[in-house]
Amino acid sequence: MAAAAGAINSGLRSFLLNTTQRPFTPSFLRKLSLPTYPFLPKNSPSNRPFCSISPLTTEPDSFRNPNSKTRPNVLHILEERGLLESVTSDSLRSVCSDPNLGPLKVYCGFDPTAESLHLGNLLGIIVLSWFLRSGHNAVALIGGATGRVGDPSGKSLERPELDLVILEKNISGIAGIVEKILGCTQDVCENASKVQILNNYDWWKDVRFLDFLRNVGRYARVGTMMSKESVKKRLENAEQGMSYAEFTYQLLQGYDFVHLYENEGVNVQIGGSDQWGNITAGTDLIRRLIGKSSKNGAVVGNVPVVFGLTFPLLLKSDGTKFGKSEDGAIWLSPSLLSPYKFYQYFFSVSDDDVVRFLKILTFLSIEEIVELEKDMGKPGYVPNTAQHRLAEEVTRFVHGQEGLEEALKATDALKPGNSSTKLDWKTIEGIAADVPSCSMNYDQVLNIPILDLYVSSGLLESKSAARRMLKQGGLYLNNAKVDSESKKIEADDIVDDKVILLSAGKKNKMVVRIS
């Protein structure tokens with residue numbers, strides 16, 4: 001077996017280094033320039049794609065690594081952290097770290113079924129980032145075309161059809177999120193600028209149905225398509241069944257891989273474990289389509305020059321997926337879920353889950369995570385120390401340092417008596433959705449006795465209750481302890497002329513919005 005594997009790897013290396021890859025371009029599909037986004041703000045460069053482009057060419061020299069030094073083996077990293085489910089060929093293990101070969105180009109697809117990605121999508125971005133951090137290149141593919149059909153994987157019902165205006169809004173929102181998160185700095189990612197964001201509608205919009213059936217559909221085996229898990233589960237439900245549109249989704253996604261391989265030099269597709277059928281549909285199409293071409297030797301023996309990789313789905317404690325249709329979805333967009341709420345979600349993760357989340361959702365070294373786990377079992381361990389580190393790392397990755405600081409400031413705002421953090425309007429608004437709030441006119445608030453404000457805002461039921469709380473040292477105005485009942489609200493007490501934060505004890509709070 002070892003000798004056979006060595007021969008396969010040797011043959012693959014020889015192909016990659018010495019064979020010119022000539023693109024297979026069906027007659028119905030003209031090669032397009034990289035996509036531009038007409039829905040971007042007008043101050044965006046009009047003739048530039050919404051991505052930072054460093055394409056991997058298909059000339060033989062592009063596979064050579066000029067630095068000739070060993071890259072970290074990204075598959076070993078993923079496996080160690082519990083982020084590797086399946087690969088279509090074990091040859092990927094040697095190819096991804098061979099010092100004589102250039103970087104791989106890896107893509108992950110995202111369907112624009114909402115204007116933001118959610119926590120369930122984050123693993124795909126993290127795996128892409130691990131490839132980037134290991135010296136490879138990344139492509140995020142947004143399904144502007146396939147999103148009109150809807151991926152049936154993991155769904156018991158057909159997805160609702162999206163309005164085209166909403167679809168374009170969703171594409172723009174997702175592109176912005178991916179660009180922000182994957183735009184890592186050079187000191188973290190060797191290939192920080194080598195990330196492309198593409199929209200598959202840019203090539204699908206010119207495809208003619210009859211040409212597609214003739215040139216591509218003839219290579220798709222119905223038996224193989226029927227055997228996919230996503231199809232079998234839907235067909236078991238005779239009442240719901242599956243539409244022809246959904247049935248063809250795997251063929252559409254499979255051809256995306258063909259297009260990206262031929263036009264962008266992409267050679268690895270990644271996705272969650274529920275995407276295995278769609279991914280293997282792509283690798284199979286490449287072997288059938290390009291393998292049939294006398295102009296392109298895309299297969300060496302039985303070893304494909306393209307690979308598929310899946311990672312486990314991120315599941316909740318009840319075993320269900322994180323999604324966008326359920327209440328309380330963990331969105332990645334700060335406009336749908338504030339960095340404070342995002343931070344608080346991870347800060348409240350149970351001890352049973354925190355180590356697993358540290359491994360799969362952060363870039364901390366395994367050694368540091370092991371130490372955190374050991375500390376959890378030692379006497380004197382401060383509760384939630386590991387959760388605090390998890391929340392910091394994931395929030396920084398998704399929302400940047402600025403978002404993390406916003407989350408920390410909002411967290412401190414919920415700690416009465418913590419006057420070390422200066423409160424501002426944005427910080428108080430960050431917690432407003434989690435505590436009661438009311439609106440009052442400026443004239444109603446200015447110069448009002450502090451005890452009266454506690455009553456008129458509804459935080460306490462009477463002045464006598466407010467007075468008792470004051471004597472117990474439990475009244476706080478913008479996190480500063482109230483020491484005297486003669487205190488009156490001054491202009492400086494109104495944060496940014498917009499809000500006041502009242503606290504009665506550790507848990508009872510009220511945000512007073514000033515109009």
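Since every read-out is calculated from the coordinates, none of them should be taken as a lab result. Predicted, not measured: the structure shown is a model, and the values here were computed from it. Cβ coordinates were reconstructed from backbone atoms using ideal geometry, including for glycine residues, and neighbour counts include every protein chain displayed.
Quick notes on this structure:
- Most to least packed among 498-509, 470-481 [average Cβ atoms within 10 Å]: 498-509, 470-481
- Ordering of 277-285, 332-340, 442-450 by packing is 277-285, 332-340, 442-450, highest average first (other Cβ atoms within 10 Å, averaged per residue).
- In percent, rounded to a whole number, the relative contact order of region 392-486 is 26, using alpha-carbon pairs under 8 Å and six or more apart.
- Descending by average beta-carbon neighbour count within 10 Å, the peptides 361-368, 109-116, 94-101 line up as 109-116, 94-101, 361-368, the highest first.
- Vicinal HN-Hα couplings computed from phi for region 108-125 (Karplus, 6.51 cos²θ - 1.76 cosθ + 1.60; Hz; Gly/Pro x): 9, x, 9, 7, x, 8, 8, 7, 9, 6, 10, 4, x, 7, 5, 4, x, 5
- P(r) weight above 17 Å for region 466-515, C-alpha pairs, percent: 32
- Two-site FRET efficiency, A245 against R288, from Cβ-Cβ distance with R₀ of 22 Å, rounded to 0.05: 0.45
- Nonlocal amide H pairs with F110, under 5 Å, H built at 1.01 Å: L141, I142, G143
- Prolate/oblate/rounded call for region 368-515, Cα gyration tensor, a/c under 1.5 rounded: prolate
- Greater than 26 Å apart at Cα, pairs in K180/K341; K205/K233; K422/K487; K488/K509; K374/K509; K378/K507: K205/K233; K374/K509; K378/K507
- With both labels modelled 7 Å from their Cα along Cα-to-Cβ, the F209 to S486 distance reads 8.5 nm.
- Part-to-part distance (alpha-carbon centres) for region 444-515 and region 83-134, which is given in Å: 52
- For region 475-500, the residues whose backbone nitrogen is under 15 Å from a point 7 Å from the Cα of D452, taken along Cα to Cβ, are 485-491.
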